[in-house]
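Visitor: Just passing along the structure, written as structure tokens.
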């Protein structure tokens, strides 16, 4: 690859590596920061290898899609029981236990009760900041379809949240 | 931003500590100046770390499965590296908690309902296909996909066979190898209602038919049926519904941590399928530790996770986080202690990789219990622990450092 490619890759890394790291962090708590660095690096290796495929108008969601596959493959490689095994050792710089204990349990319960698909699209929007266009790139669907999917997920989340707060 | 979006944002695990790579220049240089670098090394590194964190915490140290004489029985001793007490990871109680948990430290007590354990149980070595590319081609043909295998990862780990229609078979030749079939969207029937889908018994027969063709010899149990409807106007116009099932792979009637999944469309065509590629090889019968000893091991692992000398990144907030439980750690701001009484147990098989690269299914105890949270509410969960008698297991403590604070996972 030429210097133009290297320049573009360097820009992608500088602009989006934090978002990729945050994305991975939200979905998998590594033991240490170096574990997270490894996952980010693995994602960027794929980005570098497939630089020509990165769409200019949707770089971040495309990179998050790569990160998603990195996570899937890592989980697939270790075990196919991941849905049942979610507790991980915390990194040493995580927020205190107290902060988590006092967290919003209604939101947490409503989130946990959502389907995987609804939770994914909801959190991609709320946490990773993907708008409907970016969601369309991420899921490889149209913007309109992404908007519908997000809207439905938000509606279901609101319903579950209301139910959780009634209890 | 709406109220619920604010509240969601407040739960963002990354918000408190946004990710920043420590040296982007070096990272960029490392990736761009090593064009011949395959992903294999890094990938396996990640894989091992993830495995060590997420699964039942057994990775075998370099140096291997020491073929010592175990307690005079001639059984080989399994040299297993404990990864900071990761044996006892909790499985979320589904579906109410999903995969999202507040991290807590547990104080386990064996309840009276724990049943008597069997004295021994078989462990099984897995036979893995010797050639990933050949196996990819073989499995692809079973699903009607003909083509040449392409090494998509450039490291002879991941293989893909794509047929003329666009249907494909992926074969991941790492850990326990996994085959994964995906039909081309163009071949899928659309605009059917879930009620048009094949019955569960039809789907079950489909699975049995394919398993027979695959010929691995394992059985499946505990099916979980469902339906999925997805809408897309880019790949396949209209909506697509599938009937889905996931089975646990069973060996000698015991469930394992391996799974087989199938999805079919309204015309009973397989849309997606995946599963492990192994057959069961030799087996060894190991003595098991008692259920109570397993519970004790859970507690030991909990305590070792939070040594009193653990560094504290955040100062204590002054609130006593212990609520009635016995805090065995002197760490001042460690996680809250939650009492758990374990009242049910079962035996299953978990996959462990040994240092010679061989993969084994080893028996683990699955404990189910009720935890009483700080606010007095209760929820159920399951925890598991290697059941093999410790005298046949050589455990080396990991040098990996764990933290001291809680996280929310999902």
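Readers should treat all values here as calculations from the given coordinates under stated rules, not as data from a laboratory. Since this is a predicted model, take the numbers as computed values, not measurements. All Cβ positions, even for glycine, are placed from backbone atoms using ideal geometry, and neighbour counts span all protein chains on display.
Visitor: How crowded by other chains is A:11-24, given as the mean number of beta carbons from other chains within 10 Å of each beta carbon?
Guide: Shielding by partners across A:11-24 averages 3.
Visitor: Under a point spin-label approximation (7 Å from Cα along Cα-to-Cβ), what is the residue A:162-residue A:4 distance to one decimal in nm?
Guide: Between residue A:162 and residue A:4, the label points sit 5.5 nm apart.
Visitor: Something else: How many Cβ atoms of partner chains, on average, are near each residue of A:115-121 if near means within 10 Å of its Cβ?
Guide: Average per residue, whole number: 2.
Visitor: Hey, rough spin-label estimate for residue A:56 and residue B:202, points 7 angstrom out along Cα→Cβ, what's it come to in nanometres?
Guide: Reported label-point gap for residue A:56 and residue B:202 is 4.9 nm.
Visitor: Can you pull the mean other chain C-beta count within 10 Å for peptide A:131-143?
Guide: Counting other chains' Cβ atoms within 10 Å and averaging over A:131-143 gives 1.
Visitor: Within 10 Å, count the other beta carbons around each residue, average over each peptide in B:120-130, B:252-262, and list them highest first.
Guide: For the peptides B:120-130, B:252-262, the packing ranking is B:252-262, B:120-130.
Visitor: Can I ask one more? Highest mean first, what order results for B:197-209, A:144-156 on Cβ atoms within 10 Å?
Guide: Descending mean neighbour count gives A:144-156, B:197-209.
Visitor: Quick one: divide the alpha-carbon radius of gyration of segment B:126-283 by 2.2 N^0.38 Å and tell me what you get.
Guide: Against the empirical 2.2 N^0.38 Å value, I get 1.05 for segment B:126-283.
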